[in-house]
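Notes follow the structure.
The values are calculated or read from the model by the stated rules, or taken from the named source; none is laboratory data. Quick caveat: nothing in here was measured; it's all calculated off a predicted structure. Cβ coordinates were reconstructed from backbone atoms using ideal geometry, including for glycine residues, and neighbour counts include every protein chain displayed. Heads up: the accessible areas ignore ligands, DNA and RNA and are worked out on the full protein's heavy atoms, side chains in. Shrake-Rupley method; radii C 1.70, N 1.55, O 1.52, S 1.80 Å.
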Amino acid sequence: MQELIIYLLKSSGLIAAFYLAYYFLLRKETFFTSNRWFLLTGLVTSAVLPSFFIEKIVFVEAPKFVPNPIINTISNSAPTTEIIENSIEIDWFQIGIYVYGIIALLLLFKVLFNLISLFKVLDNKQVLKEDKFQFIDVNENLSPFSFFNYIVYNSSLYSESELQSILLHEKIHSTQKHSFDVLVTNLFSVLFWFNPFMYMYKKAVTQNLEYIADS
């Protein structure tokens, strides 16, 4: 368990470092695709690098043993009874592990619930296939979105010119597989829910994907 805590702390530190590097050095740059790969590389590095460590062996000279003289004493006093009080110690470290696991599990269920809701939207809908895209025109009042090759929208909410612009925007998301970035950052948000930099990192990833599609 201690190794898990050390790993999470090291990974959190790397996530913070990559986010700060992006925020101060790359955020205002217009190389959005390069920024995308930088942010993804930061997450992968933060997950992999802490698992590697250098083991340093230090040889310590054993202390010299000096025998103590044995003194035999005879006590004429009556034996006494020692009462030891047992106190209950709270293992806060173990409690912290349980709290981390419960919250991470709840957040994971939330991600799975969102995916199930998404598949329900896609299920039993009329699909219009065009090249590698699959368009789904729904009746629900929802914002247009793409999920890999699926592009979902409500054509009744937009004019023809607006709809064409929206579809072109979503085609970029679909072609460049931006859904992968969103899934990865969601999983990292589950594992590193305690790290405030992770939420800012997730927002940076989402904003940069929109910049790519807009450009």
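Could you count how many residues in the range 7-47 are open to solvent by 70 Å² or more (accessible area, probe 1.4 Å), more than 28 Å from Asp214 (Cα to Cα) and without any contact (Cβ under 8 Å) to a residue 12 or more places away in the chain?
1
Here is a yes/no grid of residues against (1) over 20 Å from Phe119 (Cα atoms); (2) of a type outside the set (Gly, Ala, Ser); (3) out of contact with any strand residue (DSSP E or B) (no Cβ under 8 Å at 6 or more places or on another chain):
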position	(1), (2), (3)
Lys132	no, yes, yes
Phe135	no, yes, no
Val138	no, yes, no
Ser161	yes, no, yes
Ile172	yes, yes, yes
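Tell me, which strands (runs of 3 or more DSSP E) lie completely within the range 103-215 with 2 or more residues that are open to solvent by less than 60 Å² (accessible area, probe 1.4 Å) and either among the polar types (S, T, N, Q) or farther than 30 Å from Leu9 by Cβ (or both)?
Filter on the range 103-215 gives 133-137, 145-147, 150-153.
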